[in-house]
1. Which shape class applies to region 2-126: rounded if a/c is under 1.5, otherwise prolate when a/b exceeds b/c and oblate if not, where a ≥ b ≥ c are the square roots of the Cα gyration tensor eigenvalues?
2. When the chain is fully extended, how far beyond the present Cα-Cα distance does residue 73 get from residue 60, taking 0.36 nm per residue of separation?
3. What relative contact order, as a whole-number percentage, does the chain give when Cα pairs under 8 Å and 6 or more residues apart are counted?
4. Work through the residues other than residue 180 whose Cβ is under 14 Å from its Cβ and net out their charges, Lys, Arg +1 and Asp, Glu -1.
5. Once you place label points 7 Å from the Cα toward the Cβ at residue 10 and residue 121, how far apart are they in nm?
6. Once phi is turned into θ = phi - 60°, what whole-Hz ³J(HN,Hα) does the Karplus curve with 6.51, -1.76 and 1.60 give for every residue of region 110-116, x standing for Gly and Pro?
7. Among residues other than residue 233 whose Cβ falls under 13 Å from its Cβ, what is the net charge (Lys/Arg +1, Asp/Glu -1)?
8. Relative to a virtual label point 7 Å from the Cα of residue 200 in the Cα→beta-carbon direction, which members of region 211-230 show backbone nitrogen distances below 17 Å?
Amino acid sequence: MQIAVCDDNEMCLRELMRQLQSMPMAEGVFAFSDLSAFLCDVEGGSFYDAVLMDIDWGRDGSGIDAAEELYKISPNMKVIYVTGYGERYNQQIFLRRANLSGFLTKPVDGALLEANLRKVAAAAGAGADQPSILLRRRGGAVTIPLNDIYYIESRGRTIETHTSGEVVVSYEKLGNVIPSLPAWFIQCHKSYVINMRQIQRFRPDGILLKCGDAVPASRSKYAKAKEAYFRYMGNAIL
């Protein structure tokens, strides 16, 4: 499990890191003392199974605000709020949209922290929260698991979603679909979005996917796509 810890208090940050590093399910632990840096990291392609988010950041804003922004960027990341002011925030945490999984008060009890992480792991393992996307098509709508998608191609008034089983034509605009995709999808061309988990290799003329299809990459987006891919792969193998 890849875990991000976001807290502007260095002492609390170090203590949470210490607790997590003793837990077997915490395969990769990443510390952030700046909310903007964390959100930029996610926008750049990093994915975390769980985010321990401190709520009170003083002048730098609120962890509740950050969790709402995180939901827009990568709606499948689970958020566990952490705060030293439980009574102040326990009625606010449900007012903003976020993929909320837990709520812990400081000082964090190690057993409760581990129980929350096991809850996240169990949901992922059981497929209880398998990420998918709902697309409109002729005669109704279809739900497609995101892991099955190789790439999405814009075709004027429709998009073609290329999956491991079929090509789904739906009446959507690519620009409207992109905000619903997690951070492991990246736009490599104005008409193409690819699943970074399905990349075989980068070529001078585009990107070769595991399905054998070659997807074009525009000059302005190629470098960014390549950088995001290697960042994502680096985090995935930690």
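Taken together, the values in this text are just the output of simple stated rules run on the coordinates, not laboratory data. Note that this is a predicted model, so its numbers are computed, not measured. Methodologically, a virtual Cβ is constructed for each residue, glycine included, from the backbone with ideal geometry; neighbour enumeration extends over all protein chains shown.
1. It comes out rounded by the Cα gyration axes.
2. Fully extending the segment from residue 73 to residue 60 adds 2.7 nm.
3. Details: 409 pairs, mean separation 37.8, N = 238.
That works out to 16 percent.
4. Details: positive: 72, 97, 136, 173; negative: 172.
Within the 14 Å Cβ shell, the charges total +3.
5. With each label placed 7 Å out from Cα toward Cβ, I get 3.1 nm.
6. Along region 110-116, the couplings run x, 5, 5, 4, 5, 4, 5 Hz.
7. Charge balance in the 13 Å sphere: +3.
8. So the set is 211-217.
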